[in-house]
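The values are calculated or read from the model by the stated rules, or taken from the named source; none is laboratory data. Worth saying up front: this structure is predicted, and the values here are computed from it rather than measured. With ideal geometry, Cβ positions are generated from the backbone for all residues, glycine too; neighbour counts draw on all protein chains shown. In case anyone asks, the SASA skips ligands and DNA or RNA and just uses the protein heavy atoms, side chains included. Shrake-Rupley method; radii C 1.70, N 1.55, O 1.52, S 1.80 Å.
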Amino acid sequence: MSYTIKDIALRAGVSKSTVSRVISGKGFASQQAREKVFKAMKELQYKPNALARAMVSQRTNNIGVVVYYYHPHASIASHPFYGKIIDAILHKAKNLNYSVLVATDEEKSLKSVDYMVEKRVDGLILISGFRQEIADYIDQFHIPYVAVNASVEKENVVQLVHHDFKGGAYIAEHLYQLGHRRVFVIGGPQENHRLRLEGFRRRMRELGGEMTEEDVHVSSSFAFADGYKGLSAVWDRFRSRKPTALFATNDMLAMGAMKFLLEKGISIPDDIAVAGFGDIDYSSIFHPSLTTVHINQTKMGEDAVSWLDRLIKNEDVQKGKIEYEPTLVVRESTAGC
């Protein structure tokens, strides 16, 4: 038999409004009244369904996560970068009693937001680069949201971003100190990796290294295969530049390029040093292990849920960019020339 709030009230000898306050946790209810309600709920084996809780509390305890990323052969759940962020979100959300709905949107459209609005989520976490139009659209619904690994041209949005410019500069300094003056760069799509490339290029030039447009190849995606195919496509140009080091703006691109170099019989780091960016788990087990910039995906995911929880609860939150400091991780793939 399915019982209602009215049945609980009759069994406990209290009003329906008192039962609602106890279930929602909002409003005053004496300890005696709370005990009566909980006892009645236990006796009737009453479990409020999600819709009933939402009607009472005006909250569903659901949060939506949208990842704006696409690669035809990549799974977000197993993705070495985004998968780790999502794992952290799921873990933190569970601790805060939220359920999580996850969607990907390769078209960077409004469809995923519409889906989340229909599900009446309490808040949104938007991951990776998305269009300004999407942020403007969400504002119409007054749903709190947090941006992760993405920048939005709005000062009133919590944006959790890695300090990519500084991370790129750290790689430049590391390679320069090892004696490298000519470095070839494989950059990921610039809507995401522009600051990494700019930080590297500016610092290398400040230090006196050679850096021209001919020393940069921009890839169409971030994938391992694109690092391999990208270097293959510009192999003649690469050899003509005679670099002593290669920097890729993410680890998967770097490892794809390393595979191509190793197949060509080029020794890393004896013939050429290689550095990446991101410090995904694969970078430490690849051979040779990859020098890179550490990004703490777990902390970003956990922090995203914590900030969103505060926004949902209408707590006072300092909005704007929250930048995570980069850390250089030196491994086997870089050495002096």
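Would you work out the Kirkwood radius for the chain? I mean one over the mean of 1/r across all pairs of different Cα atoms, in Å. Working shown, then result.
Working: mean 1/r = 0.0446 Å⁻¹.
So the Kirkwood estimate lands at 22.4 Å.
Check every DSSP H run in the chain and write down those whose alpha carbon atoms cover 15 angstrom or more along the long axis and whose mean Kyte-Doolittle hydropathy is 0.5 or greater. Write out the running numbers ahead of the final one.
Working: long enough: 31-43 (18 Å, -1.36); 82-95 (20 Å, -0.19); 164-177 (20 Å, -0.45); 190-207 (26 Å, -1.78); 251-263 (18 Å, 0.94); 297-312 (22 Å, -0.33).
Counting only whole DSSP H runs, the qualifying helices are 251-263.
Rounded to the nearest 0.05, what FRET efficiency do residue 6 and residue 310 have when you use their Cβ-Cβ distance and R0 = 41 Å?
0.75
For residue 31 and residue 142, what is the calculated FRET efficiency with R₀ set at 30 Å and r taken between the beta-carbons, to the nearest 0.05? Don't jump to the answer; show the numbers that get you there.
Details: r = 35 Å, r/R0 = 1.17.
Between residue 31 and residue 142 the formula returns 0.30.
Let me test this: with uniform point scatterers at the alpha carbons of segment 253-296, what is the Debye-based log₁₀ I(q)/I(0) at q = 0.14, 0.15, 0.20, 0.34 1/Å?
The Debye formula, applied to the Cα set alone, gives -0.29, -0.33, -0.57, -1.33.
Can you say what percent of the DSSP beta bridges in the chain, counting only those with both residues inside, are antiparallel? Round to 5.
Numbers: 3 of 39 bridges.
Around 10 percent antiparallel, to the nearest 5.
Using a 1.4 angstrom probe on the protein heavy atoms only, could you order 104, 291 from most to least accessible area?
On the way: 104 65, 291 0 Å².
Of 104, 291, the descending order of accessible area is 104, 291.
From the residues 326, 248, 235, which one has its Cα farthest along the dipole of segment 232-337 in the positive direction, the dipole being from +1 and -1 charges on Cβ of Lys/Arg and Asp/Glu about the Cα centre?
235
Multiply the residue gap between residue 191 and residue 118 by 0.36 nm, knock off their C-alpha separation, and tell me the result in nm, one decimal place. Mind dumping the intermediate values first?
On the way: separation 73, 0.36 × 73 = 26.28 nm, distance 2.94 nm.
Once the chain is fully extended between residue 191 and residue 118, it gains 23.3 nm.
Run the numbers for residue 264 and residue 325: contour at 0.36 nm per residue of separation, minus the present Cα-Cα distance, in nm. Don't skip to the end; give the middle numbers.
Numbers: separation 61, 0.36 × 61 = 21.96 nm, distance 3.61 nm.
Computed gain between residue 264 and residue 325 is 18.3 nm.
Quick one: which residues, 5+ away or cross-chain, put their amide H under 5 Å from the amide H of residue 163? H built at 1.01 Å from N.
Result for residue 163 returns 324.
Please get the size of the charge dipole for the chain, origin at its Cα centre, with Cβ charges of +1 on Lys and Arg and -1 on Asp and Glu, quoted in debye to the nearest 20.
The calculated dipole for the chain is roughly 1400 debye.
Any idea of residue 241's accessible area? Nearest 10 Å², probe 1.4 Å.
60
Please give the charge dipole size of segment 57-196, origin at the Cα centre, charges +1 on K and R Cβ atoms and -1 on D and E Cβ atoms. Round to the nearest 20 debye. The partial results should precede the final answer.
Numbers: 15 positive and 15 negative charges, 101 e Å.
For segment 57-196, the charge dipole is close to 480 debye.
When the dipole is taken about the Cα centre of segment 80-141, and only Lys, Arg (+1) and Asp, Glu (-1) are charged at their Cβ, what size is it in debye, to the nearest 20?
Details: 8 positive and 10 negative charges, 69 e Å.
It works out to roughly 340 debye.
Modelling each spin label as a point 7 Å along the Cα-to-Cβ direction, I'd like the residue 332/residue 242 distance in nm, to one decimal.
The two pseudo-label positions are separated by 2.9 nm.
When the accessible area of the chain is computed with all protein chains present and a 1.4 Å probe, what percentage of it is carbon and sulfur?
On the way: 7910 of 16430 Å².
Heavy-atom surface of the chain belonging to carbon and sulfur, 1.4 Å probe: 48 percent.
Test of understanding: in a Gaussian network model of the chain with alpha carbons linked when under 10 Å, which of 212, 327, 244 would top the mean-square fluctuation ranking?
Per the Cα network of the chain with a 10 Å cutoff, 212 tops the list.
Full extension from residue 106 to residue 299: what is 0.36 nm times the residue separation minus their Cα-Cα distance, to one decimal in nm?
Details: separation 193, 0.36 × 193 = 69.48 nm, distance 2.46 nm.
So the chain would gain 67.0 nm between residue 106 and residue 299.
Please give the per residue accessible area of segment 136-246, computed with a probe of 1.4 Å over protein heavy atoms only, in Å². Could the numbers behind the result be given before it?
Numbers: 4980 Å² over 111 residues.
I get 45 Å² per residue for this part.
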